[in-house]
Amino acid sequence: MRYQGIAEQIIDDIQADKLAHGSRMPSLRKLAQQFNVSMTTAINTYHYLEELGWIIAKPQSGFYVSRPPAGG
């Protein structure tokens, strides 16, 4: 699925320290524009990254880079 490919790119950026632990992720709208995808795909991307433990959602604030998952 498309969102998994986008998620892999984001994971690569986190692993390469382009996105530091604790830094705020782009808004869903900005992510959708950046990758030229629908809002649904952007939401699925962030939910997938959250399930994998790469990002965390903070209510009323947005998504933030989490500590890399163990073994990741």
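Here's a check for you: in region 1-24, which residue that is of a type outside the set (Lys, Arg) and in contact with a helix residue (DSSP H, G or I) (Cβ under 7 Å, 6 or more places away or on another chain) is modelled with the lowest pLDDT? Please lay out each step first, then the result.
Within region 1-24, the subset of a type outside the set (Lys, Arg) is 1, 3-17, 19-23.
Now narrow it down to the ones that are in contact with a helix residue (DSSP H, G or I) (Cβ under 7 Å, 6 or more places away or on another chain): 3-4, 6-7, 10, 19.
Details: Tyr3: 96, Gln4: 97, Ile6: 97, Ala7: 98, Ile10: 97, Leu19: 93.
Here the residue is Leu19.
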(request) Run down Ala32, Ala20, Ala7 and say which single residue is surrounded by fewer than 13 Cβ atoms within 10 Å (Cβ to Cβ), of a type in the set (A, V, I, L, M, F, W, C) and on the phi < 0 side of the Ramachandran plot. (result) Ala20
(message) Here is a check on your reading of the model: is Ala70 modelled with pLDDT under 95 and of a type outside the set (S, T, N, Q)?
(response) yes
(message) For region 14-69, give me each residue that is under 9 Å from the mean Cα position of the chain (by Cα), without any contact (Cβ under 8 Å) to a residue 12 or more places away in the chain and assigned to a loop (DSSP other than H, G, I, E, B).
(response) Pro26
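The values are calculated or read from the model by the stated rules, or taken from the named source; none is laboratory data. Fair warning: this is a prediction, and the values are worked out from it, not measured in the lab. Quick reminder, even Gly has a Cβ in these numbers, built from the backbone with ideal geometry, and neighbours come from all protein chains shown.
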